[in-house]
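The values are calculated or read from the model by the stated rules, or taken from the named source; none is laboratory data. Bear in mind the structure is a predicted one, so any value in this text is a computation, not a measurement. Positions of Cβ are backbone-derived with ideal geometry, glycine not excepted, and every protein chain shown enters the neighbour counts. Please note that ligands, DNA and RNA were not included when accessible areas were found on the heavy atoms of the full protein model with its side chains. Shrake-Rupley method; radii C 1.70, N 1.55, O 1.52, S 1.80 Å.
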Amino acid sequence: MPAGGEQDVLVIGAGFSGLYALHALRDRLGLSVTVLEAADGVGGTWHWNRYPGARCDSESHSYCYAFSEELWREWEWTERYPGHEEIRRYLNWVADRLDLRRDIRLGRRVTEARWDEAAGLWRVATEQGERHAARFLIAAVGCLSSANIPAIEGLESFQGRVAHTGEWPREGVELAGRRVGLIGTGSTGIQAAPVIAEQAAHLTVFQRTPNYSVPARNAPLSPEFRQWVRENRAEILRVMHATPNGHPFAARDQSALEVEPAEREALYEAAWARGGMQFRATFRDILTDKAANDTASDFIRRKIREIVQDPETARKLTPTDHPYAAKRPPIDSGYFETFNRPNVTLVDLREDPIERITPRGVRTRSGEHALDVLVFATGFDALTGPLLRLNLTGREGLTLAEAWREGPRSWLGLAVPGFPNLFTVTGPGSPSVLTNMPVAIEQHVEWIERCLREMRARGLDRIEARAEAAARWGAEVNAAAQATLLPMAASSWYLGANVPGKPRVFMPYAGGMARYRALCEEVAAKGYEGFALARSARIDAGRGVVPNPAHGPDAA
Ligand code: NAP
C-alpha cells in the first residue's frame, strides 16, 4: 500500500466546500492540507450533474465565492442562472487562480476513516489503496452527492441505457431519436424534461408526486446588470448575509393575508414574470402560515391549468398534497409547456403505478411503455448519505451509522459527539440545503478556520462536540422546522422520506442563515461552548498543529 503522508488536515471533497477549505486552512492558516476527491476533476456536485438542462437555481452573481473581492471582480458570469458547464469552468478557474491543484488528489474515493485515539489522528483509506493520516478531518462531501436509484423490480433486465442524473456520464447519453423515460419530477426532473423533450423522439415522464414550479426566466446577463453587480458588491453581500436563506433578495415585509385579493394577484403576477426563487419571497409568511401559503399555491395551480392545454394532463400535474415550497421549490424553463408537445406523455404513478421494469421498458398497471433510455431523476440519499458512506469510526469504535441510527445528531451541523477533530461542512443540522449553498459553505469554512486558529493560539489540538449540546441542538432543529410549513411535505427528502428505511428526521436547520451565523459566532465567542477542547501529548512532543512554523504566514 502506498503510504500517504501525515497532514494537519485532510479534506474530503473538491467542490465549493473543499476548495475553499484548502485555501483557507493552507493559505491563510498555514496548515498542511490534502484534499481527497473521488472524481477525476474538481467541482463536486457540478462535476457529476451534467444532465440535460442542469443549471443552478441560485442567481449567478450570488452563486460564487464572496470571500475574495478579486475573484468576485475577475469572473464574469454570462447568464442569470449559470449552467453546469459554466460553474465547472468557474471552479476550475478558482482552483488554478488559487494554486489549489498541487494539494488535491483526484480519483481517490475515501472508503474508511477511523479515529486513532492513541495517536490523536484520523486514519483514512481510499479505494485506490492509499493510507493517509491527519490531525483534523473535514468532510466537504456535499449534501446531495449520494445518488438514490429506487430498487424497482426488473431494473437489471432493462436492455436500453440507464442513467441517474446525479452521475451523468461525462460523454453524455445519446437521446436524439430515442424513446426516453424520465422517472422523477423534483428540481432535476423539472429542469431536464424540457431539454430531453427537444432532443428525444418521445419522452415519457413518470410522475409520483406533482410539483409546483415557477419560471426561472433565465437569460443572458446584460452589460448594465454586470456593471451594477460590480458596483454594488458590498450591498449585495449585505443582503445575502442578512436574509434567512442567503439569496440576494429579501422577502416583502407583508403578510399575503393583509393585502386585497386584486393587489395580491398583481404581486404574484409580477413575481411570476420576474421568475425564480424570488417568487417565494413575495410575502413574508408563505412558508409559515398555511392560509398565506394557500394563496401562492392556488396561484401556481391556476398557472398550470392555463399553460397545459389538455385538462386531464393539467389535473395530473397539479399538486394538491403539500403546500408550495414545503419541498424544495423548483424553477423551470418551459416545464409545464413541455406537456403540450406531441412527443411527450405524462404517466401519473399514483393512478397507474409501476409494476416492474422489463427488458423493453417500464410496465405500469395500464401497460408497457417501450423505451430506449431510462433516466432516473430520483434524487439523493441527502445530507446523511454522503457522510455515512465514508464509513467513519470515531472514539471507542463508535461508527457514524450507529451514532445516527435514529437520525443525525450533531452540534450545529458542524461536529458529531464521539468523533473528535471531525468537522462536517454544511452537515445535517446546519442551514445547508435551505440556503444558497456558497453562503452556508463560506460561513462554515470560516468558522472552522477561526476555531483552528484559536485552538492553536491556546495550545490546543483536540476538539469534540459534547453529547448534551448535540441533544439540545437536535431539539432546536426540530423546533425550527415545526415553526414552518416544511414538515407538511410528507415525501420530502428534507425528512429522509425518499429513502426506504431512513429515519424520518427533519435534517436541515430552518431557523435561517442569519440567525444561525449569529449562534455560531456566539459559540466561538464563549470559548467554543458545547465543545470539549484539549491538548494532547503530541503538542508537547512538538508534533501537533500548534508549533508548525514550516507553513504559511499565520503559523509562527
Ligand atoms: P428530488 O427532489 O428528491 O426528486 C426526486 C423525484 O423522484 C421526486 O419526484 C420523487 O417523487 C421521484 N421518485 C423518487 N423515487 C421514486 C420512485 N421509486 N418511483 C417514482 N418516483 C420516484 O431529487 P432532485 O430533483 O434530484 O432534487 C434534489 C435536490 O437537488 C433539489 O431539491 C435541490 O436542492 C437540488 N437541485 C438543485 C438544482 C439547482 O440548483 N440547479 C437542480 C436540481 C436539483 P416523490 O416526490 O413522490 O418522492
Computed over the Cα atoms of the chain, the Rg and Dmax in Å are 23.8, 76
Once all protein chains are kept in place, residue 277 shows an accessible area at probe 1.4 Å, nearest 10 Å², of 20 Å²
Per DSSP, the loop-located trypsin sites (Lys or Arg not before Pro) within the stretch 106-176 having at most 13 other beta carbons within 10 Å are 170
By the mean-Cβ-within-10 Å protection proxy, highest first, 396-402, 298-304 rank as 298-304, 396-402
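Using a probe radius of 1.4 Å on heavy atoms only, what accessible surface per residue do you get for the stretch 281-351? Whole Å² is fine. Intermediate values should be presented prior to the final figure.
Working: 2900 Å² over 71 residues.
Accessible area per residue, the stretch 281-351: 41 Å².
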Rounded to the nearest 10 Å², the 1.4 Å probe accessible area of residue 316 is 50 Å²
The simple spin-label model distance between residue 309 and residue 337, using points 7 Å out along Cα→Cβ, in nm, is 1.4 nm
Expressed in nanometres to one decimal, the distance between label points 7 Å along Cα→Cβ at residue 201 and residue 519 is 5.4 nm
Taking the chain and counting helices only, DSSP H stretches of n ≥ 4 at -39,500 (n - 2.57) each over all residues, the nearest-500 ellipticity at 222 nm comes to -9000 deg cm²/dmol
So the carbon and sulfur contribution to the accessible area of the chain, 1.4 Å probe, in percent, is 49 percent
From highest to lowest solvent-accessible area (probe 1.4 Å; ligands, DNA and RNA excluded), 456, 230, 350 read 350, 230, 456
Any lysines whose Cα falls less than 27 Å from that of residue 327, other than same-chain ones fewer than 8 residues away, would be 290, 303, 316, 502
Sorted by chain and then number, the residues having a modelled amide H within less than 5 Å of the amide H of residue 126, at least 5 places away or on another chain, are 111
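Under a point-charge model restricted to the Cβ atoms of Lys and Arg (+1) and Asp and Glu (-1), what is the dipole moment magnitude of the stretch 217-335 relative to its Cα centre, in debye to the nearest 20?
500 debye
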Within the under-12-Å Cβ sphere about residue 92, not counting residue 92, Lys/Arg +1 and Asp/Glu -1 give a net charge of +1
Bounding extents of the stretch 51-151 in its principal axis frame from Cα atoms, largest first in Å, are 51, 43, 20
For residue 115 the rounded accessible area (nearest 10 Å², probe 1.4 Å, non-protein molecules ignored) is 20 Å²
In degrees rounded to 10, the 0-90 angle between helix 437-457 Cα long axis and the longest Cα principal axis of the chain is 10 degrees
Ranked output for segments 283-289, 174-180 by mean other Cβ atoms within 10 Å, highest leading, reads 283-289, 174-180
Residue 156 and residue 395 label points (each 7 Å along its Cα→Cβ direction) are spaced in nm at 4.3 nm
For the stretch 41-137, dividing by residue count, accessible area per residue (probe 1.4 Å) in Å² works out to 38 Å²
